[in-house]
(Lines give C-alpha, C1' and ligand atoms only; values in the text may rest on other atoms or scores of the structure.)
Protein backbone atom coordinates (compact mmCIF):
# COMPACT_ATOMS: atom_id res chain seq x y z
CA UNK A 1 0.00 0.00 0.00
CA UNK A 2 1.34 3.41 -1.00
CA UNK A 3 1.50 6.47 1.20
CA UNK A 4 -0.27 9.63 -0.06
CA UNK A 5 3.12 11.23 -0.63
CA UNK A 6 4.36 8.29 -2.73
CA UNK A 7 1.13 8.17 -4.77
CA UNK A 8 1.45 11.87 -5.56
CA UNK A 9 5.11 11.43 -6.51
CA UNK A 10 4.39 8.45 -8.78
CA UNK A 11 1.56 10.23 -10.61
CA UNK A 12 3.63 13.39 -11.06
CA UNK A 13 6.44 11.28 -12.51
CA UNK A 14 4.12 9.36 -14.88
CA UNK A 15 2.19 12.45 -16.06
CA UNK A 16 4.99 14.99 -16.07
CA UNK A 17 2.59 17.37 -14.31
CA UNK A 18 3.15 19.34 -11.13
CA UNK A 19 0.00 19.56 -9.05
CA UNK A 20 -1.46 20.06 -5.62
CA UNK A 21 -2.63 16.67 -4.39
CA UNK A 22 -5.45 15.51 -2.15
CA UNK A 23 -7.25 12.25 -1.37
CA UNK A 24 -11.04 11.97 -1.35
CA UNK A 25 -13.72 9.55 -0.19
CA UNK A 26 -16.22 10.42 -2.92
CA UNK A 27 -18.89 7.95 -3.98
CA UNK A 28 -19.10 9.18 -7.59
CA UNK A 29 -16.26 11.39 -8.88
CA UNK A 30 -13.17 9.37 -7.93
CA UNK A 31 -10.62 11.29 -10.00
CA UNK A 32 -10.67 14.97 -10.95
CA UNK A 33 -7.99 17.40 -12.00
CA UNK A 34 -8.48 21.13 -12.38
CA UNK A 35 -6.16 23.76 -13.77
CA UNK A 36 -4.30 24.46 -17.02
CA UNK A 37 -0.92 25.64 -18.23
CA UNK A 38 -1.48 29.06 -16.66
CA UNK A 39 -2.62 27.81 -13.26
CA UNK A 40 -1.20 25.05 -11.11
CA UNK A 41 -3.16 21.83 -11.42
CA UNK A 42 -5.05 20.31 -8.51
CA UNK A 43 -5.56 16.54 -8.46
CA UNK A 44 -8.17 14.90 -6.26
CA UNK A 45 -8.16 11.09 -6.25
CA UNK A 46 -9.95 8.47 -4.16
CA UNK A 47 -7.89 6.89 -1.41
CA UNK A 48 -8.59 3.45 -2.90
CA UNK A 49 -5.79 4.25 -5.39
CA UNK A 50 -3.29 3.92 -2.55
CA UNK A 51 -3.74 0.19 -3.20
CA UNK A 52 -3.61 0.40 -6.99
CA UNK A 53 -1.03 -1.70 -8.87
CA UNK A 54 1.41 -0.01 -11.19
CA UNK A 55 -0.52 -0.76 -14.40
CA UNK A 56 -3.58 1.02 -12.98
CA UNK A 57 -1.49 4.03 -11.93
CA UNK A 58 -0.03 4.19 -15.43
CA UNK A 59 -3.58 4.09 -16.80
CA UNK A 60 -4.53 6.96 -14.46
CA UNK A 61 -1.59 8.98 -15.77
CA UNK A 62 -2.51 8.30 -19.42
CA UNK A 63 -6.12 9.20 -18.70
CA UNK A 64 -5.14 12.50 -17.07
CA UNK A 65 -3.03 13.36 -20.11
CA UNK A 66 -5.12 11.99 -22.99
CA UNK A 67 -8.56 10.97 -21.64
CA UNK A 68 -8.29 7.82 -23.77
CA UNK A 69 -10.97 5.14 -23.60
CA UNK A 70 -8.62 2.20 -23.00
CA UNK A 71 -7.17 3.79 -19.85
CA UNK A 72 -10.65 4.75 -18.71
CA UNK A 73 -11.78 1.12 -18.95
CA UNK A 74 -8.80 -0.10 -16.88
CA UNK A 75 -9.55 2.52 -14.22
CA UNK A 76 -13.26 1.69 -14.18
CA UNK A 77 -12.63 -2.03 -13.69
CA UNK A 78 -10.31 -1.22 -10.77
CA UNK A 79 -12.89 1.13 -9.22
CA UNK A 80 -15.62 -1.46 -9.68
CA UNK A 81 -13.57 -4.13 -7.92
CA UNK A 82 -12.52 -1.85 -5.09
CA UNK A 83 -15.99 -0.34 -4.60
CA UNK A 84 -17.39 -3.75 -3.78
CA UNK A 85 -15.30 -3.64 -0.58
CA UNK A 86 -16.35 -0.13 0.46
CA UNK A 87 -19.03 0.39 3.08
CA UNK A 88 -20.63 3.80 3.49
CA UNK A 89 -23.70 2.54 5.34
CA UNK A 90 -22.90 4.61 8.48
CA UNK A 91 -23.54 7.70 6.33
CA UNK A 92 -27.16 6.58 5.85
CA UNK A 93 -27.80 7.68 9.44
CA UNK A 94 -27.24 11.26 8.29
CA UNK A 95 -29.77 10.89 5.46
CA UNK A 96 -33.42 11.62 6.15
CA UNK A 97 -35.30 8.39 5.41
CA UNK A 98 -38.90 8.98 4.35
CA UNK A 99 -40.87 5.87 3.44
CA UNK A 100 -44.45 7.02 4.01
CA UNK A 101 -45.99 8.96 1.16
CA UNK A 102 -49.40 10.45 0.53
CA UNK A 103 -50.56 7.27 -1.19
CA UNK A 104 -47.82 4.64 -1.08
CA UNK A 105 -45.75 3.28 1.82
CA UNK A 106 -42.37 2.29 0.38
CA UNK A 107 -41.40 0.25 3.42
CA UNK A 108 -44.54 -1.88 3.10
CA UNK A 109 -43.88 -2.42 -0.61
CA UNK A 110 -40.23 -3.25 0.06
CA UNK A 111 -41.12 -5.72 2.82
CA UNK A 112 -43.69 -7.48 0.63
CA UNK A 113 -41.21 -7.85 -2.25
CA UNK A 114 -38.39 -8.88 0.08
CA UNK A 115 -40.50 -11.67 1.50
CA UNK A 116 -42.01 -12.91 -1.78
CA UNK A 117 -38.97 -12.71 -4.09
CA UNK A 118 -35.93 -12.70 -1.80
CA UNK A 119 -36.96 -14.81 1.23
CA UNK A 120 -36.50 -11.72 3.46
CA UNK A 121 -32.71 -11.94 2.92
CA UNK A 122 -32.13 -8.34 1.81
CA UNK A 123 -31.27 -5.65 4.34
CA UNK A 124 -31.51 -2.35 2.45
CA UNK A 125 -32.85 1.10 3.21
CA UNK A 126 -35.45 2.79 1.01
CA UNK A 127 -36.73 6.36 0.82
CA UNK A 128 -38.67 8.75 -1.35
CA UNK A 129 -36.53 11.33 -3.13
CA UNK A 130 -37.36 14.60 -4.84
CA UNK A 131 -37.83 14.34 -8.62
CA UNK A 132 -34.95 15.53 -10.76
CA UNK A 133 -35.38 18.69 -12.81
CA UNK A 134 -34.55 19.38 -16.42
CA UNK A 135 -33.85 15.74 -17.23
CA UNK A 136 -34.23 14.45 -20.79
CA UNK A 137 -35.01 10.99 -19.47
CA UNK A 138 -37.13 9.56 -16.69
CA UNK A 139 -35.48 8.34 -13.49
CA UNK A 140 -37.92 6.26 -11.46
CA UNK A 141 -35.40 5.07 -8.88
CA UNK A 142 -31.73 4.61 -8.09
CA UNK A 143 -29.75 2.16 -6.01
CA UNK A 144 -26.60 3.30 -4.17
CA UNK A 145 -24.57 0.16 -3.54
CA UNK A 146 -22.06 1.49 -1.01
CA UNK A 147 -24.93 3.00 1.01
CA UNK A 148 -27.23 -0.01 0.56
CA UNK A 149 -29.87 2.63 -0.15
CA UNK A 150 -32.74 2.82 -2.66
CA UNK A 151 -34.18 6.19 -3.67
CA UNK A 152 -37.59 6.26 -5.37
CA UNK A 153 -38.86 9.24 -7.39
CA UNK A 154 -41.52 10.94 -5.27
CA UNK A 155 -43.42 11.79 -8.44
CA UNK A 156 -44.80 8.24 -8.31
CA UNK A 157 -46.58 8.81 -5.00
CA UNK A 158 -49.68 9.58 -7.03
CA UNK A 159 -52.84 7.68 -8.09
CA UNK A 160 -51.74 8.03 -11.73
CA UNK A 161 -49.03 5.43 -11.07
CA UNK A 162 -50.44 1.92 -10.46
CA UNK A 163 -49.35 0.08 -7.35
CA UNK A 164 -47.94 -2.68 -9.57
CA UNK A 165 -45.68 -0.26 -11.42
CA UNK A 166 -44.33 1.34 -8.24
CA UNK A 167 -43.69 -2.16 -6.92
CA UNK A 168 -41.79 -3.10 -10.10
CA UNK A 169 -39.56 -0.03 -9.71
CA UNK A 170 -38.77 -1.04 -6.12
CA UNK A 171 -38.13 -4.64 -7.22
CA UNK A 172 -35.87 -3.38 -10.02
CA UNK A 173 -33.72 -1.36 -7.60
CA UNK A 174 -33.54 -4.27 -5.15
CA UNK A 175 -32.28 -6.45 -8.00
CA UNK A 176 -29.31 -4.12 -8.43
CA UNK A 177 -28.10 -5.37 -5.05
CA UNK A 178 -28.60 -9.02 -5.99
CA UNK A 179 -27.23 -8.70 -9.57
CA UNK A 180 -24.57 -5.96 -9.38
CA UNK A 181 -23.39 -3.88 -12.33
CA UNK A 182 -20.13 -4.97 -13.92
CA UNK A 183 -17.63 -4.33 -16.71
CA UNK A 184 -17.60 -6.97 -19.43
CA UNK A 185 -14.51 -8.36 -21.19
CA UNK A 186 -14.50 -5.43 -23.61
CA UNK A 187 -14.55 -2.95 -20.74
CA UNK A 188 -18.16 -1.88 -21.33
CA UNK A 189 -20.24 -1.04 -18.26
CA UNK A 190 -23.26 -3.31 -17.89
CA UNK A 191 -26.00 -2.22 -15.51
CA UNK A 192 -28.69 -4.46 -16.94
CA UNK A 193 -27.00 -7.56 -18.30
CA UNK A 194 -28.74 -10.77 -19.43
CA UNK A 195 -28.98 -12.18 -15.89
CA UNK A 196 -30.50 -8.95 -14.57
CA UNK A 197 -33.09 -8.80 -17.36
CA UNK A 198 -34.05 -12.44 -16.85
CA UNK A 199 -34.56 -11.88 -13.11
CA UNK A 200 -36.56 -8.72 -13.71
CA UNK A 201 -39.02 -10.58 -15.92
CA UNK A 202 -39.82 -12.87 -12.97
CA UNK A 203 -41.84 -10.04 -11.43
CA UNK A 204 -45.44 -11.23 -11.63
CA UNK A 205 -46.90 -8.04 -13.10
CA UNK A 206 -43.94 -7.39 -15.41
CA UNK A 207 -45.94 -7.58 -18.68
CA UNK A 208 -48.72 -5.37 -17.33
CA UNK A 209 -46.19 -2.76 -16.16
CA UNK A 210 -44.37 -2.68 -19.49
CA UNK A 211 -47.62 -2.19 -21.40
CA UNK A 212 -48.70 0.55 -19.00
CA UNK A 213 -45.33 2.27 -19.34
CA UNK A 214 -45.45 2.24 -23.14
CA UNK A 215 -48.99 3.64 -23.13
CA UNK A 216 -48.20 6.42 -20.65
CA UNK A 217 -44.60 7.38 -21.36
CA UNK A 218 -45.46 10.77 -22.87
CA UNK A 219 -47.67 11.70 -19.90
CA UNK A 220 -44.99 10.54 -17.43
CA UNK A 221 -42.37 12.65 -19.18
CA UNK A 222 -44.67 15.70 -19.06
CA UNK A 223 -45.21 15.14 -15.35
CA UNK A 224 -41.47 14.85 -14.82
CA UNK A 225 -40.83 18.18 -16.56
CA UNK A 226 -43.60 19.85 -14.56
CA UNK A 227 -42.05 18.94 -11.21
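The values are calculated or read from the model by the stated rules, or taken from the named source; none is laboratory data. Please read these numbers as outputs of a predicted model, since none were measured by experiment. Heads up, the Cβs are rebuilt from the backbone with ideal geometry, glycines too, and the neighbour counts pull from every protein chain shown.
Figures for the structure shown
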quantity: Those residues of segment 197-227 which are surrounded by 15 or more Cβ atoms within 10 Å (Cβ to Cβ) and modelled with pLDDT under 95, in sequence order; calculated: 220, 223, 224
quantity: Subset of segment 92-103 that is assigned to a helix (DSSP H, G or I) and more than 15 Å from residue 143 (Cβ to Cβ) - its residue that is modelled with the lowest pLDDT; calculated: 93
quantity: Selected residue (only one of 117, 143 is part of a helix (DSSP H, G or I), at pLDDT 90 or above and either surrounded by 14 or more Cβ atoms within 10 Å (Cβ to Cβ) or not assigned by TED's automatic domain parsing to the domain that holds residue 199 (or both)); calculated: 117
quantity: Those residues of segment 168-194 which are modelled with pLDDT of 95 or more and more than 20 Å from the chain's Cα centre (by Cα), in sequence order; calculated: none
quantity: Yes/no for residue 75 being surrounded by 13 or more Cβ atoms within 10 Å (Cβ to Cβ), at pLDDT below 95 and part of a loop (DSSP other than H, G, I, E, B); calculated: no
quantity: Hits in segment 50-72 (condition: assigned to a helix (DSSP H, G or I) and over 14 Å from residue 12 (Cα atoms)); calculated: 50, 51, 55, 56, 66, 69, 70, 71, 72
quantity: Filter result for the condition that a residue is in a strand (DSSP E or B) and touching a helix residue (DSSP H, G or I) at 6+ places or on another chain (Cβ under 8 Å), over 7, 43, 2, 11; calculated: 43
quantity: Residues that are at pLDDT below 90 and loosely packed, with under 14 Cβ neighbours inside 10 Å, drawn from segment 5-19; calculated: 16, 18
quantity: Qualifying residue in segment 104-113 (condition: closer than 24 Å to residue 221 by Cβ, outside any helix (DSSP H, G or I) and at pLDDT 75 or above); calculated: yes
quantity: Count - residues of segment 110-126 that are within 16 Å of residue 163 (Cα to Cα) and touching a strand residue (DSSP E or B) at 6+ places or on another chain (Cβ under 8 Å); calculated: 1
